[in-house]
């Protein structure tokens, strides 16, 4: 694999930055670089990852302060030029607050922080992040969030569905999109979406925590593999 540089943005309160760095560094030829939120330089990154955590303590709304960090100006411009951007958990929330993805992430319906293993179904396997999966394949990714309840207007949901922007849904182990599997109350069981152009993905489950067998699942590795394969043209 040709050399790839992946920028991992670090906000005050990020706590999955080193988890993500470790997962990314496990791929040959891939070099992670940490990007502090006050910087203006993406340091030659070929892709950007916004990791999970509690940026700025989740004050006001999750991701609402991080959205104004200087580095986000560069990330938004990078994305608008077609650069791949992946937002995981809090990173998904930051992408929504930044306007790079549609909708909102609300408090879980049970009003409790949820930390558990989850099953999600691959709805769209034609993106640069998911072409290593089979359509309707069921994956095991951990989740850890208090505000993962995806919400949008009926018109936005309809548009997301129509344009194939729903990438992952919460499901049971057989792929059923049940109410029980939808533990945080997300509309249409949505666990992850992509922008219309297909280069910005946000999801609440953590692929970096499902990238080593010791952690109970390696299903997350193929998400990174898909992205890195796209970047190298392999």
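Would you mind putting 86-95, 174-183 in packing order, based on average other-beta-carbon counts within 10 Å, highest first? Present the calculation step by step, with values, prior to reporting the outcome.
Values: 86-95: 29.1, 174-183: 14.4.
So the order, starting with the most tightly packed, is 86-95, 174-183.
Going by how many other beta carbons lie within 10 Å of each one, how would you line up 16, 62, fewest first? It would help to have the intermediate numbers written out before the result.
Numbers: 16 23, 62 27.
If I rank by nearby Cβ atoms, fewest first, I get 16, 62.
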Problem set entry | Euclidean distance of C-alpha centroids, segment 24-103 and segment 168-197, integer Å | 23
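Among 121, 43, 81, what is the fewest-to-most ranking by other Cβ atoms within 10 Å? Please report the intermediate quantities before stating the final value.
On the way: 121 24, 43 11, 81 8.
Least to most surrounded, the residues fall as 81, 43, 121.
Where both partners of a DSSP beta bridge lie in the chain, what percent of those bridges are antiparallel, to the nearest 5? Walk me through the intermediate numbers first.
Numbers: 22 of 39 bridges.
Bridges in the chain that DSSP calls antiparallel: roughly 55 percent.
Per-residue ellipticity at 222 nm for the chain, helices alone: DSSP H runs ≥ 4 residues times -39500 (n - 2.57), over residue total, nearest 500 deg cm²/dmol?
Working: 5 runs with 49 residues, N = 234.
-6000 deg cm²/dmol, from helical runs alone.
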For this session: Just check segment 4-232 against the gyration tensor rule for me: Cα atoms, a ≥ b ≥ c as the square roots of the eigenvalues, rounded for a/c under 1.5, and otherwise prolate or oblate depending on whether a/b exceeds b/c.
Result: rounded
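Report the antiparallel proportion of the DSSP beta bridges in segment 1-136 as a percent, rounded to a multiple of 5.
Of all bridge pairs located within segment 1-136, approximately 5 percent are antiparallel.
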Problem set entry | the chain, relative contact order in percent, only Cα pairs under 8 angstrom and at least six apart counted | 20
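For 19, 136, what's the fewest-to-most ordering of other Cβ within 10 Å of each Cβ?
Values: 19 20, 136 12.
The order, fewest Cβ neighbours first, is 136, 19.
Just so you know, all these numbers are worked out from the coordinates, no wet-lab data involved. Note that the coordinates shown come from a computational prediction; the quantities given were computed from them, not determined experimentally. Because the Cβ atoms are built from the backbone with ideal geometry, glycine has one as well, and the counts that use them run over all protein chains shown.
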